[in-house]
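The values are calculated or read from the model by the stated rules, or taken from the named source; none is laboratory data. Keep in mind it's a predicted model, so treat the numbers as computed, not measured. Reconstructed Cβ throughout: ideal geometry from the backbone, glycine too, with neighbour counts over all protein chains shown. Accessible surface is based on the protein model in full, side chains and every heavy atom, while ligands, DNA and RNA are left aside. Shrake-Rupley method; radii C 1.70, N 1.55, O 1.52, S 1.80 Å.
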Amino acid sequence: MRDLARDLSLLSINTATLKTLTLRQAVETLSRHGIRTIAPWRDRLAECGVKDAARLLADHGMAVSGLIRAGMFTSGDAARDDNRRAVDEAAAINARCLVLVAGGLAPQSRDLAAARGIVRDGMGALLPYARQAGIALAIEPLHPMYAADRACINTMAQANDLCDSLGTGLGIAIDVYHTWWDPDLKAQIARAGGKILAYHVNDWLVPTTDLLLDRGMMGDGVIDIRRIRAWVEDAGYAGPCEVEIFSAANWWKRDPDEVVRICIERFQSCC
Ligand code: ZN
């Protein structure tokens, strides 16, 4: 396994972790701490303007481990144009991948199988555009508690099946929060192999008090992050560990410099 304690270049911070900062503030904060990789959400990019964001990132020598997010294939026709815009944005900032969250049930529907079909077709339709732009799409399976409203792709096996059926240009973003419980995780990570495009870290708190906004800092919960990283690296993944923490009651309320300092400590000691 790679030695994280020696190499901050393997650490990326997702802007969701620094919720209160603009993109410029996030980039400047990370730069102060010697971190050179970031994963912006599209709302932060939009605030800044994509051209200015690209310049800002380049001026600070910031690599982009992923742009988050596109997808939402079950939400109707508007998703199609928005997803193409997201591909263009990912290309403009030279992102390693564009992360896709599938979308949940279609409006007024109880048909989960149909939703999964819509997702497959939507990804298939977006792929040629992304291939042409040179942007890899990374499907991120989300924990099944989000199947209704956010993502009907919930396991690594489903994500692998999509990659197998849709071909080149589609890979997987693995988030420990969404996948740690899966009894088939080790085998499915091995199966994914070179298709792993991103690796998100955080922790599962016990108890979790909010299904969306109560993720933990690495080391504060029950996920064996180091073990999962070993599987991911054994599968051939050589990219960064990206810290993505939604935490309305805790981390979002703290001083961002303190948050980044603790991210570094925990990255080195718990990941
Ligand atoms: Zn994630």
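Across the stretch 210-217, computed HN-Hα scalar couplings (Karplus, 6.51 cos²θ - 1.76 cosθ + 1.60, θ = phi - 60°) run 9, 5, 10, 10, 10, 7, x, 6 Hz from first to last residue, x flagging Gly and Pro. Applied to the stretch 251-257, the Karplus parametrisation 6.51 cos²θ - 1.76 cosθ + 1.60 on θ = phi - 60° returns per-residue 3J(HN,Hα) values of 5, 6, 8, 8, 4, x, 5 Hz, with x for Gly and Pro. Projecting the Cα atoms of Leu162, Trp41, Ser9 onto the charge dipole of the chain (Cβ charges, centred on the Cα centre) puts Ser9 farthest toward the positive pole. Per-residue packing, averaged as other Cβ atoms within 10 Å, sorts the ranges 241-247, 1-7, 12-18, 84-90 into the order 12-18, 241-247, 84-90, 1-7, beginning with the highest. Heavy-atom accessible area, probed at 1.4 angstrom with all protein chains present, ranks Asp121, Asp82, Asp182 as Asp121, Asp82, Asp182, highest first.
Just to check, using Stokes-Einstein with a Kirkwood Rh over alpha carbon pairs, what's the diffusion coefficient of the chain at 4 °C and 1.567 mPa s in µm²/s? Translational diffusion coefficient: 70 µm²/s.
Accessible area per residue for the chain, computed on protein heavy atoms with a 1.4 Å probe, is 42 Å².
About its Cα centre, the chain has a charge dipole of approximately 360 debye under the convention of +1 per Lys or Arg Cβ and -1 per Asp or Glu Cβ, with nothing else charged. Each Lys and Arg adds +1 at its Cβ and each Asp and Glu adds -1 at its Cβ; summed about the Cα centre, the stretch 89-235 shows a dipole of about 340 debye. Normalised by 2.2 N^0.38 Å, where N is the number of residues, the alpha-carbon radius of gyration of the stretch 84-191 equals 1.05.
The accessible surface of the stretch 124-271, taken with every protein chain in place and a 1.4 Å probe, is 54 percent carbon and sulfur. When the Cα positions of Asn94, Trp252, Tyr237 are compared along the charge dipole of the chain, Asn94 comes out farthest toward the positive end, with charges on each C-beta of Lys, Arg, Asp and Glu.
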